[in-house]
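Contents: one structure, followed by commentary.
The values are calculated or read from the model by the stated rules, or taken from the named source; none is laboratory data. Just so it is clear, the structure is predicted and the values come from calculations on it, not from any experiment. Cβ placement follows ideal geometry from the backbone for every residue including glycine, while neighbour counts extend to all protein chains displayed. Note: areas computed on protein heavy atoms with side chains; ligands, DNA, RNA excluded. Shrake-Rupley method; radii C 1.70, N 1.55, O 1.52, S 1.80 Å.
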Amino acid sequence: MEIFWGKYAEEIESSFITLEEEKVISRLWEKDYTLWKPYPQEIVNRLGWLSAPQEMQKNVAQLEDMTAGLRKEGFQEALLLGMGGSSLAPDLFQKVWGNKEGFLNLYVLDSTDPEMVNHYAQSLDPGKTLYLVSTKSGNTLETLSFFKFFYNLAQKKLGKEAGKHFIAITDPGSPLVQLGERYGFRKVFLNPPDIGGRYSAFSFFGLVPAALLGIDLSLLLEKATIASQKCSPSTPLKDNEGALLGTTLGILAQKGRDKLTFFFSSPRWESFGDWLEQLVAESTGKEGKGILPVIDRQPGKPEVYGEDRLFVYIEGEKNDSLNNLLEELKNAGHPVIKISVASHYDLGEQMFIWEFATALSGYWLKINPFDQPDVESTKKFTQEMMRRYKEGSFEEENPVLVEKGFNIFCDFSASSLKEVLEQFLGFVEPGGYISIHAYLPINPLIEKELISLASLLRDKTKKAVTFGYGPRFLHSTGQLHKGDGGKGVFLQLVSEPSIDIPIPEEAGSDVSCFTFGALKKAQALGDREALKRAGRKVISLFFQGNSEEKLRTLRETFLHFL
């Protein structure tokens with residue numbers, strides 16, 4: 001890890017004196033909740049991740065034996081059904097290691113878009129597929145909806161054998177435990193309950209999918225253990241990467257450098273950014289504070305970045321253009337961190353260091369990095385939207401205008417889409433950011449258009465721009481959007497699905513009063529309401545038809561006045 005603090009060097013170095021005097025690192029390892037808050041709630045029961053790499057070694061043989069047994073029985077695919085902390089680490093492992101011959105091909109479903117659900121329903125043979133139902137609480141709405149649909153799909157082909165194609169990962173005592181017993185699941189993994197979702201990569205939530213992929217679990221955990229030793233109180237602060245990183249994040253956020261901007265040397269490592277995004281945003285975005293992760297997939301020129309940035313470059317393979325950009329950013333006075341990774345297994349080390357650093361940044365920001373107080377607001381409003389749907393319809397308001405195939409909703413008047421977008425960008429404050437909420441199918445063509453749109457807005461406004469897929473970002477950056485200092489403006493893009501799929505009322509029953517398309521829309525409307533109640537500016541564009549074409553239309557409209 002190479003760190004360039006620039007003009008902030010003196011202040012950050014003096015902060016290490018505070019770490020020494022207050023014995024912060026040793027108190028963190030001793031699980032002293034007073035580092036963050038004067039009360040223990042949602043802290044003392046959330047620090048099991050500190051010892052997880054060592055504790056989970058005892059489960060490696062069991063997981064490897066299970067994987068070997070599944071292969072002998074003819075299982076070829078695994079579909080993980082989860083959201084947020086249950087899905088992002090498995091997705092990261094799959095993207096970094098890829099599917100390996102002789103092991104199961106892993107896929108992750110964390111979108112309620114019916115086209116995504118249908119894709120896996122059509123492309124995976126239930127007779128050769130293992131379904132992982134993964135939720136800490138055991139009552140995550142999206143995950144249980146996925147389970148009910150795919151159980152019915154498996155039951156139609158496999159009959160009474162369907163349950164043997166399901167594994168649950170949950171906390172002791174969660175409703176999923178009883179569900180697993182009722183439907184004859186092959187296995188229910190009970191996770192240590194003192195580990196929060198976004199800190200759960202080295203628990204069963206991450207390791208069960210990793211085992212199915214054929215990842216060397218012992219080596220992965222060994223790397224994480226090495227990192228934990230590097231972050232220990234016995235390591236001098238100048239060599240303690242977790243302490244260096246966490247202090248840098250916290251102090252610079254206090255100085256307004258709260259847009260944590262990531263560059264990656266290769267697309268394979270960009271998925272690390274998705275995992276980091278949840279870890280940092282959900283942990284720090286609360287009480288009017290927050291560090292906004294920005295995954296910059298198309299880096300710009302130094303002049304498009306404002307004085308609110310801290311840059312982190314994760315280099316898995318040499319990239320001369322990014323190294324040159326980093327030098328230019330340093331010369332422009334921006335703080336820069338460069339982290340080199342030599343192999344896939346270095347990911348184990350990096351994940352622990354970032355967990356530690358994120359927890360430590362909470363000390364500097366005087367927040368609890370283990371709770372998510374604002375996530376419930378969207379859930380509450382989503383439930384209200386679902387109730388309205390069952391009673392007749394979501395619709396309570398008419399669009400402000402209809403143009404170019406968009407139904408446009410906003411809380412100000414305008415005579416054209418161009419005028420709506422102009423006014424929208426006018427709401428961005430100094431030090432603010434733009435966030436695109438894409439309730440769209442997830443595929444490379446749509447992603448390319450979203451990257452292009454985000455890059456255009458960044459280059460023209462010189463503001464940080466992020467995008468996330470709905471509803472999965474609700475379990476990731478959604479906490480920060482409602483809990484931070486309120487400088488974000490939000491653009492919702494919601495596609496009407498070309499197909500829709502009923503959600504069974506319960507597994508094994510064909511009775512349904514809700515669909516995945518309705519759930520996606522309820523979540524978009526619920527989050528819109530939560531953002532508005534939190535005082536955020538949000539515009540919503542609902543549309544039918546080809547998502548890539550609509551994104552191009554939107555970008556061209558922005559170009560007319562930017």
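Report yes if Glu241 is acidic (Asp, Glu), farther than 21 Å from Gln479 by Cβ and touching a helix residue (DSSP H, G or I) at 6+ places or on another chain (Cβ under 8 Å), otherwise no. When the stated conditions are applied, Glu241 passes them.
Every residue in segment 116-136 that is touching a Gly at 6+ places or on another chain (Cβ under 9 Å) and open to solvent by 10 Å² or more (accessible area, probe 1.4 Å), please. Explain how you work it out, then say what you get.
Of all residues in segment 116-136, those touching a Gly at 6+ places or on another chain (Cβ under 9 Å) come to 127-128, 132-136.
Matches in segment 116-136: Gly127, Lys128, Lys136.
Being small (Gly, Ala, Ser) and crowded, with 16+ Cβ neighbours inside 10 Å is the filter here; which residues of segment 395-446 pass it? Show your work before the answer.
So in segment 395-446, the residues small (Gly, Ala, Ser) come out as 405, 413-416, 426, 431-432, 435, 438.
Correct list: Ala414, Gly431, Gly432, Ser435, Ala438.
Just one residue in the set Ala61, Ala78 is farther than 26 Å from Phe514 by Cβ and part of a helix (DSSP H, G or I); that residue is Ala61.
Yes/no matrix, rows are residues, columns are (1) at positive phi; (2) among the basic types (Lys, Arg); (3) free of Cβ contacts under 8 Å to residues at least 12 places away in the same chain; (4) open to solvent by 30 Å² or more (accessible area, probe 1.4 Å):
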| site | (1), (2), (3), (4) |
| --- | --- |
| Glu11 | no, no, no, yes |
| Ser15 | no, no, no, no |
| Glu42 | yes, no, no, yes |
| Gly48 | no, no, no, no |
| Pro53 | no, no, no, no |
| Lys58 | no, yes, yes, yes |
| Met66 | no, no, no, yes |
| Leu70 | no, no, no, no |
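Counting only strands (runs of 3 or more DSSP E) that sit wholly inside segment 122-233, those with at least 1 residues that are within 19 Å of the chain's Cα centre (by Cα) are 129-134, 166-170.
If you filter segment 317-360 down to residues that are touching a Pro at 6+ places or on another chain (Cβ under 7 Å) and free of Cβ contacts under 8 Å to residues at least 40 places away in the same chain, you find that the one that is farthest from Ile226 (Cα to Cα) is Ala332. Every listed requirement among (1) part of a loop (DSSP other than H, G, I, E, B); (2) in contact (Cβ under 8 Å) with a residue 12 or more places away in the chain is met by Glu101 save one, (2).
Of everything listed in (1) of a type outside the set (Phe, Trp, Tyr); (2) in contact with a helix residue (DSSP H, G or I) (Cβ under 7 Å, 6 or more places away or on another chain); (3) farther than 29 Å from His334 by Cα, the single unmet condition for Leu70 is (2). Residues that are open to solvent by 10 Å² or more (accessible area, probe 1.4 Å) and not aliphatic (A, V, I, L, M) were ranked within segment 332-347; the one that is farthest from Asp32 (Cα to Cα) is Gly333. Yes or no: segment 360-382 includes at least one residue that is among the polar types (S, T, N, Q), modelled with pLDDT under 95, more than 29 Å from Trp36 (Cα to Cα) and more than 20 Å from the chain's Cα centre (by Cα). No. In the set (1) of a type in the set (Asp, Glu); (2) more than 25 Å from Asn118 (Cα to Cα); (3) surrounded by 18 or more Cβ atoms within 10 Å (Cβ to Cβ), Glu449 fails one condition alone, (2).
Restricting the first member to segment 272-284 and to residues that are open to solvent by less than 10 Å² (accessible area, probe 1.4 Å), and the second to residues that are of a type in the set (Lys, Arg), the beta-carbon pairs closer than 7 Å and six or more apart or on different chains are Gln278/Arg198; Leu279/Arg198; Ser283/Arg198. All of Asp320, Asp308 fail the test of being of a type in the set (Asp, Glu) and open to solvent by less than 30 Å² (accessible area, probe 1.4 Å), apart from Asp308. Residues that are open to solvent by 30 Å² or more (accessible area, probe 1.4 Å), closer than 24 Å to Glu282 by Cβ and acidic (Asp, Glu) do not occur anywhere in segment 211-228. Considering every residue within segment 348-358, establish whether at least one is open to solvent by 10 Å² or more (accessible area, probe 1.4 Å), assigned to a strand (DSSP E or B) and not aliphatic (A, V, I, L, M). No, the conditions are met nowhere in segment 348-358.
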